[in-house]
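To keep things clear, I will list the structure first and then write my remarks on it.
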Amino acid sequence: MSQKHRYQTLLDAPPAPLGRADLSGAYSGVSWLRMPLPFDLAHINLWLLGDGETLVDCGFPTPESRAFLSEIFSKKNPANIFITHFHPDHLGLAGWLQDKTKAAVTISTREHELASLLCNPAWIDSMTTTHNDFYHAAGADDKMSSLLFGRSSLYAKVVSPLPAVSRMIADGDQIDLGGRTWQMIEGNGHSPEHACLYNKQDEIFIAGDIVLSDITPNISLFPRDVYDSDPVADYLACLEHIKNSVSNDALVLPSHGVAFFGLHDRIEALIKHHESRGGRIVDILGKTGASTAVDIMHQLFAHRHLGDGDIAFALGETLSHLVWLVKKGDLDCTVNAQGVRYFNTR
């Protein structure tokens, strides 16, 4: 019986929240931990490599998650913590766990730099004007802009203390973790320098948030970015890079959803999703005429209620696709005398 067939039952039945499943066969030495999240995503998958030697990502800081990790490492401390990217559901408990276990921490340079800035109150304050100008240009009123700025200070509250970093890793670097040699493959668009891990010998791809089984990662433009940046183009390019670097036979271990096979098909589906979203925006503007990013966001996400916690991601996604479409030549962008950007079809 093939490894794929033997693994199918685990694919169909992931661990329960605060549960663990040990992979077998060609994938032995990898354990799947599932931890709850206090927001819509509901869970995050962590990956324990070797005999508990390395933990990939750390989860969001809740009492339940701390208790779960304390139980996992009650008999043996991890030697290494590998962080795929700076988001709080991945980095959140790294400082706490390092303080508890003295594990060495590996992360990419730009992810560490951004996490450090977001934990610096002086930097947050210095971004006030940039933030206000950015959301004003997007068509946000004062209430929405204030709401979005208030979220900037939340990051430090859930990831502090930041861990001390032992190694910065970059695209193409190799690292030995849990008895296997892994190659770091950089992912872009979702975060500055997302670190995926690929073991070619056993065909295992730890995808983080870059390739998920059944949802699409958020690809946003934020005030810390500039309109010259192009997150959607960066994401599509990184998907092609992964497709050319990782076998379609690899077992994909994502941070959300379930482990799966068929990486290349999933990449094609993700590419089509963004092309479809771009087409949807062009269709909206064809009917409404010149519109702000906020107006387009409400049309694009009319199928769902946007709570306060959703607006930053919905508007960020809208802006990233607008910038992509402008750079491709599908849309025009003009700025009025008040500094508000309007997008329209050509």
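The values are calculated or read from the model by the stated rules, or taken from the named source; none is laboratory data. Just so it is clear, the model here is predicted, and its values are computed rather than measured. Heads up, the Cβs are rebuilt from the backbone with ideal geometry, glycines too, and the neighbour counts pull from every protein chain shown. Note: accessible area is taken over every heavy atom of the protein model, side chains too, but ligands, DNA and RNA are not part of it. Shrake-Rupley method; radii C 1.70, N 1.55, O 1.52, S 1.80 Å.
Table: residues versus (1) closer than 26 Å to W324 by Cβ; (2) under 22 Å from the mean Cα position of the chain (by Cα).
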residue: S108; (1), (2): yes, yes
residue: C119; (1), (2): no, yes
residue: A122; (1), (2): no, no
residue: A156; (1), (2): no, yes
residue: Q174; (1), (2): no, yes
residue: R180; (1), (2): no, no
residue: N188; (1), (2): yes, yes
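Does the range 8-15 include one or more residues that are in a loop (DSSP other than H, G, I, E, B) and at pLDDT 95 or above? Checking the range 8-15: not a single residue is in a loop (DSSP other than H, G, I, E, B) and at pLDDT 95 or above.
Restricted to helices (runs of 4 or more DSSP H) entirely inside the range 246-346, those with at least 3 residues that are touching a strand residue (DSSP E or B) at 6+ places or on another chain (Cβ under 6 Å) and either free of Cβ contacts under 8 Å to residues at least 60 places away in the same chain or of a type outside the set (D, E) (or both) are 263-288, 308-328.
Against the numbered list (1) over 17 Å from D141 (Cβ atoms); (2) at pLDDT 95 or above, H303 comes up short only at (2). The residue that is surrounded by the fewest Cβ atoms within 10 Å (Cβ to Cβ), counting only those in the range 202-215 that are assigned to a loop (DSSP other than H, G, I, E, B) and at pLDDT 95 or above, is D202. One residue stands out in the range 312-346 among those that are open to solvent by less than 20 Å² (accessible area, probe 1.4 Å) and either modelled with pLDDT under 95 or charged (D, E, K, R) (or both): the one that is farthest from T292 (Cα to Cα), namely A312. State whether one or more residues within the range 269-287 are at pLDDT below 95 and not small (G, A, S). No - not one qualifying residue is present in the range 269-287. For the range 186-201, check the following and say yes or no: at least one residue is open to solvent by 30 Å² or more (accessible area, probe 1.4 Å), among the charged types (D, E, K, R) and in a loop (DSSP other than H, G, I, E, B). Scanning the range 186-201, I find at least one residue that is open to solvent by 30 Å² or more (accessible area, probe 1.4 Å), among the charged types (D, E, K, R) and in a loop (DSSP other than H, G, I, E, B), so the answer is yes.
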